[in-house]
């Protein structure tokens, strides 16, 4: 009925290599090289990435507090009501 799925067309001059799942390692050098490299990259970019997040957090908390304050009624305006 035709070709099997995955081999629907013939591509020339392309070489593909594959490795058996039993021969490859899923996490080679993960703990010895991967985690130290991640920590080095975080340390190198923290001074560029952290200030915008800190500024946004401070502006957001300030804005939330001001909004909550503006929703409250002033008790001094209602002292003489009775």
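Each reported figure results from applying straightforward, stated rules to the coordinates on display, with no laboratory input. All of these numbers come straight from a predicted model, not from anything done at the bench. No Cβ is skipped: glycine too gets one built from the backbone with ideal geometry, and neighbour counts run over all protein chains shown.
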State the label only: which of (i) 183; (ii) 88; (iii) 397 corresponds to volume of the Cα convex hull per residue in Å³ computed from the shown model?
-> (iii)
Per-pair calculated FRET efficiency, R0 = 41 Å: residue 66 and residue 25 via Cβ, rounded to 0.05 | 0.15
Simple spin-label model, 7 Å along Cα-to-Cβ: residue 17 to residue 54 in nm?
-> 4.7 nm
